[in-house]
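Just below is one structure, and these are the notes that go with it.
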Amino acid sequence: MATLEVKDLHVAVKDEESKKEKEILKGVNLSMKTGEIHAIMGPNGTGKSTLSQTIMGQPGYRVTQGDILLNGESIVDMPVDERARKGLFLAMQYPAEIQGVTNAEFLRAAINARRADDDQISVMDFIKKLDKNLKLLDMSQSMTERYLNEGFSGGEKKRNEILQLLMIEPSFAILDEIDSGLDIDALKVVSKGVNSMRGDNFGSLIITHYQRLLNYIIPDTVHVMMDGRIVKTGGPDLAKKLEDEGYAGLRDELGLDIKLVDDED
Amino acid sequence: MTELKAARAQLAAASAENNEPQGLLDRRLSARDLMEKLQLPRMQRFKFHDWPLIADQPLNWVQSDPALIPATSKDDEVIKVTQFGQTTVHVNLPQKLQDQGVILTDIFTAAREHQELFEKFFMTAIKPDENLLTAYHLAYLNAGLFLYIPKNVEIEKPIEAEIIQDSTQDEPLVSHILVIADRGSKVKFIQHLATVGEKANPANMMIELMAQENSEIDFSSLDEFGPHTHTYFKRRADIGRDAHVEWAVGLMNDGNTVGDMDSELLGEGGYANSKMIATTTHDQEVGVNNRVTNRGKHTTGLINQRGVILEDSELIFNGIGQIIHGAHGAKADQQNRVLIMSDKARGDANPILLIDENDVEAGHAASVGPVDPHQMYYLMSRGIPRKQAERMVIRGFLGAVLSAIPSKDVRNKLIAILERKLTDGQQD
């Protein structure tokens, strides 16, 4: 069993225009184990993406206080690639496009980066695994010979993130707004992929603005984030309640003095 | 006797020893005279005037021992010709092509046996009076190849020229490749430049492509001269009506290099696509002018240069797109991009557009900077170590030129060299 703990996490980000650092996360606490699916919901601009990028190790985000522990070990000073090899995965909102590197080549490199030099995945095993997962995600073979994300539609990119998840098999996957821009059919396919990973050796942190995704991937725990903190934690019912009453309703119920913005974070 | 007189006398003797026709000797002598008044060429933002680009020695004829060059694997996919220093090791032109009138020979045999063609084209695109190094080239020419493809002949297999500099001896390599593609002909030509030996020698390498009406020339080059070679190169295509020239150059020399790529779009409807990738390492300095000149109406000239600068090295890419008055409907587009991989690396990518006609389409893009951090983050977030991720991003960045090289063998060689240079030169 693997564990992921976020303790009193404060994170600052430099604003591109003003060049001033702004504190986005103001003391986040979160603890999860493999075998669990957690969802983080919250209004725009509240720090959900900052949390996911900071756990993964995006260089632009600075931890000013607190800690992130993976299996009890602090990872805040660890480079991104090492965090990944230790079992973290982030399905990104805006995946990079990389010309000249095929999807298949990239997937093999990612799998092999986790394995010893004398234990690299065989071509046969790789192809078998790839075929199985392509089928599951309703993706065509030709997608793997295309350059990584280059010229992919928004939906293709999201599917490709889930394909990577299935191929790499991390302990923890953070899904950052994986549902944004997906039609209902694509949403079902993506959910099917994530659900196929469910089990004792996999945990996921699903970041979403809308409750809709959680109809397909039922979480064990739902957290609500506002203004850089987790303000409420509950079961799947909490998501439904939010859908009915909105974030403002919850804010007022909790008596919080927070201005909700509609800007994308 | 003055120095010039002595030099002229020496050239005359050497030319006679080589059984050269009078025409070539006369041109050597007038080029030697020109050397007295010409200057080294200039390049924007790049200094190389203290490099030893001219050997301080007379025109010598020396033999090179073919046993010293690495055995080349047999490759049925190409028509091969090998020159080691001044020695032509072998020419392997199929009988069928010879029967069709194709000529592939060393440059001096061409001067003797195909005088009419040689006289008509040799050093007419690149002119001896352009600068000190073009004059030096003609006066002290000591190696080279000649290829003629007759009207409407298409050579399917690429011709691959292995040009190996013999630096086991103190001898400059002054080499000229002349390719004449007659009307409607087609050819793919690959050159592979390499060095054997550790002596410090200059290399003065020129290529003229004469693309006559409706012809097509695909020229690719893998330049891999050694660290002790100072190279000056000049490669020029004269492109006739509706003719088509593709350049794909992998500039992978280990030594200091300065050079010009030139595509002259002379006839209406001509097309040139000049692609180059370069990688510099250690304290190497490399400067390239890549020029396309639209003279004819409805001509298209494209430049795409990509460079990767490692360690303490320097790389300058100047892209020069010139559209001459009267070239209606001309198109010119260029991209010059360099990646700077260390704090001490220096580089620049300069687009220079000289447009003297209104009715044209012209565009340019340039970039100088580190590897895209967003791409790096993405690859690393999948567990791929930083250095490997860097090499993947770089390979993608260079992909357009890599894929344009017609021989799989040469392409794989180029990828292997790249991988080696990148691995050696990457910072911890």
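Below, the figures for the structure above:
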| quantity | calculated |
| --- | --- |
| Some residue of the stretch B:335-356 being surrounded by fewer than 24 Cβ atoms within 10 Å (Cβ to Cβ), touching a Lys or Arg at 6+ places or on another chain (Cβ under 7 Å) and part of a loop (DSSP other than H, G, I, E, B) | no |
| Among the residues listed as B:Val368, B:Val410, the single one being more than 7 Å from every other protein chain (Cβ to nearest Cβ), under 29 Å from the mean Cα position of the chain (by Cα) and surrounded by fewer than 21 Cβ atoms within 10 Å (Cβ to Cβ) | B:Val368 |
| Residue, nearest to A:Glu105 (Cα to Cα), within the stretch A:130-144, restricted to residues that are touching a residue at least 40 places away in the same chain (Cβ under 8 Å) and not polar (S, T, N, Q) | A:Met143 |
| Tally, over the stretch B:167-178, of residues that are surrounded by fewer than 23 Cβ atoms within 10 Å (Cβ to Cβ) and among the β-branched types (Val, Ile, Thr) | 1 |
| Selected residue [under 17 Å from B:Lys275 (Cα atoms) and more than 9 Å from chain A (Cβ to nearest Cβ)] from B:Leu418, B:Leu354 | B:Leu418 |
| Verdict on B:Glu162 being surrounded by fewer than 23 Cβ atoms within 10 Å (Cβ to Cβ) and more than 16 Å from the chain's Cα centre (by Cα) | no |
| Test: residue in the stretch B:220-240 that is in a loop (DSSP other than H, G, I, E, B), among the hydrophobic types (A, V, I, L, M, F, W, C) and crowded, with 23+ Cβ neighbours inside 10 Å | yes |
| Long-range neighbours under 6 Å by Cβ, at least six apart or interchain, first residue at pLDDT 95 or above within the stretch A:35-53, second among the charged types (D, E, K, R) | A:Gly35/A:Asp200; A:Glu36/A:Asp220; A:Ile37/A:Asp220; A:Ile40/A:Lys48; A:Ser52/A:Asp176 |
| Any chance A:Thr64 is more than 8 Å from chain B (Cβ to nearest Cβ) and within 26 Å of A:Arg159 (Cα to Cα) | no |
| Residue in the stretch B:152-169 that is free of Cβ contacts under 8 Å to residues at least 60 places away in the same chain and closer than 27 Å to B:Leu25 by Cα present | no |
| Which numbered condition B:Glu208 misses (of (1) within 13 Å of the chain's Cα centre (by Cα); (2) within 27 Å of B:Phe397 (Cα to Cα); (3) among the acidic types (Asp, Glu)) | (2) |
| Qualifying residues in the stretch A:1-54 (those that are part of a helix (DSSP H, G or I) and among the hydroxyl-bearing types (Ser, Thr, Tyr)) - the one farthest from A:Ile68 (Cα to Cα) | A:Ser49 |
| Answer residue from the stretch A:191-212, given it is free of Cβ contacts under 8 Å to residues at least 40 places away in the same chain and closer than 24 Å to A:Lys132 by Cα and is surrounded by the fewest Cβ atoms within 10 Å (Cβ to Cβ) among those | A:Asn195 |
| Odd one out for B:Met380, checked against (1) surrounded by fewer than 20 Cβ atoms within 10 Å (Cβ to Cβ); (2) within 14 Å of another protein chain (Cβ to nearest Cβ) | (1) |
| Residue among B:Thr195, B:Thr124, B:Thr168 that alone is β-branched (Val, Ile, Thr), in contact with a Gly (Cβ under 8 Å, 6 or more places away or on another chain) and in a loop (DSSP other than H, G, I, E, B) | B:Thr168 |
| Residue match in the stretch B:383-404 (condition: over 21 Å from B:Val249 (Cα atoms) and more than 9 Å from every other protein chain (Cβ to nearest Cβ)) | yes |
| From B:Ile324, B:Ile309, B:Ile303, B:Ile316, residue being surrounded by fewer than 20 Cβ atoms within 10 Å (Cβ to Cβ), in contact with a strand residue (DSSP E or B) (Cβ under 9 Å, 6 or more places away or on another chain) and of a type in the set (A, V, I, L, M) | B:Ile324 |
| Selection status of A:Lys14, of a type in the set (D, E, K, R) and modelled with pLDDT of 95 or more | no |
| Filtered residue count, the stretch B:142-159, keeping only those that are among the hydrophobic types (A, V, I, L, M, F, W, C) and either surrounded by fewer than 23 Cβ atoms within 10 Å (Cβ to Cβ) or part of a loop (DSSP other than H, G, I, E, B) (or both) | 2 |
| Some residue of the stretch B:121-131 being surrounded by 23 or more Cβ atoms within 10 Å (Cβ to Cβ) and in contact with a helix residue (DSSP H, G or I) (Cβ under 6 Å, 6 or more places away or on another chain) | no |
| Verdict on B:Ser313 being closer than 20 Å to B:Thr280 by Cβ, at pLDDT 95 or above and of a type in the set (S, T, N, Q) | yes |
| Residues that are in contact (Cβ under 8 Å) with a residue 12 or more places away in the chain and either more than 11 Å from the chain's Cα centre (by Cα) or more than 12 Å from chain B (Cβ to nearest Cβ) (or both), drawn from the stretch A:74-93 | A:Ile75, A:Val76, A:Met78, A:Pro79, A:Val80, A:Asp81, A:Arg83, A:Ala84, A:Arg85, A:Lys86, A:Gly87 |
| Candidate set from the stretch A:94-126 (those that are more than 9 Å from every other protein chain (Cβ to nearest Cβ) and part of a loop (DSSP other than H, G, I, E, B)); member that is nearest to A:Thr3 (Cα to Cα) | A:Arg115 |
| Positions within the stretch B:36-66 being assigned to a loop (DSSP other than H, G, I, E, B), closer than 30 Å to B:Gly319 by Cβ and of a type outside the set (Lys, Arg), in sequence order | B:Leu38, B:Gln39, B:Leu40, B:Pro41, B:Gln44, B:Phe48, B:His49, B:Asp50, B:Trp51, B:Pro52, B:Leu53, B:Ile54 |
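Every residue, every condition in (1) small (Gly, Ala, Ser); (2) within 33 Å of the chain's Cα centre (by Cα); (3) closer than 30 Å to A:Ile162 by Cβ, yes or no:
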{"residue": "B:Met380", "(1), (2), (3)": "no, no, yes"}
{"residue": "B:Pro385", "(1), (2), (3)": "no, no, yes"}
{"residue": "B:Arg391", "(1), (2), (3)": "no, yes, yes"}
{"residue": "B:Ile394", "(1), (2), (3)": "no, yes, yes"}
{"residue": "B:Leu402", "(1), (2), (3)": "no, yes, no"}
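The values are calculated or read from the model by the stated rules, or taken from the named source; none is laboratory data. Here the structure is a predicted model, which means the values were calculated and not measured. Note that we place each Cβ from the backbone using ideal geometry, even for glycine, and neighbour counts take in every protein chain shown.
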